[in-house]
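Colleague: Handing you this structure, nothing more for now.
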Amino acid sequence: MLETKRATIFVDHPGDERPPDFIWMCDWLEKWEGKVKVASYSSGGWEHLWDVEGPTEAIDEIPERITCCSAWAQPEIYGNRRPGEHD
């Protein structure tokens, strides 16, 4: 069985320019299309937040600077919740 991991990714997107981290994320999603599942995506206009799940090798490629803690990515810490689900 293929081992999978989860990650929550946050990319700030100030102004009209496409920042390098946003470009990297778009390229990464394209590279892993069909193998990585986007469980949740939200945008406040200037920031983007993805909850993703995929093969360990895909998730391990994500730069630490754009990952963040969440109930999705660390259910052992925050509890086993689905994206968007709150106490």
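The values are calculated or read from the model by the stated rules, or taken from the named source; none is laboratory data. Note that the structure is a prediction, hence the values are computed from the model and not measured. Here the Cβ is made from the backbone with ideal geometry for all residues, glycine too, and neighbour counts use every protein chain on show.
Colleague: Can you pull out the helices (runs of 4 or more DSSP H) entirely within region 1-85 that have at least 2 residues that are modelled with pLDDT of 95 or more?
Modeller: Filter on region 1-85 gives 20-31, 56-59.
Colleague: Right, here's the next one. With respect to Ala71, determine if the residue is more than 10 Å from the chain's Cα centre (by Cα) and either buried (at least 16 other Cβ atoms within 10 Å of the Cβ) or touching a residue at least 60 places away in the same chain (Cβ under 8 Å) (or both).
Modeller: yes
Colleague: Then there is this: Looking only at residues in region 1-39 that are of a type in the set (Gly, Ala, Ser) and within 21 Å of Cys68 (Cα to Cα), which one is surrounded by the fewest Cβ atoms within 10 Å (Cβ to Cβ)?
Modeller: Ranking the qualifying residues of region 1-39, first place goes to Ala39.
Colleague: Only residues in region 38-63 that are farther than 20 Å from Glu3 by Cα and among the charged types (D, E, K, R) count as the first member; pair them with residues that are at pLDDT 95 or above and not in a strand (DSSP E or B), Cβ under 8 angstrom, at least 6 apart or cross-chain, and list the lot.
Modeller: none
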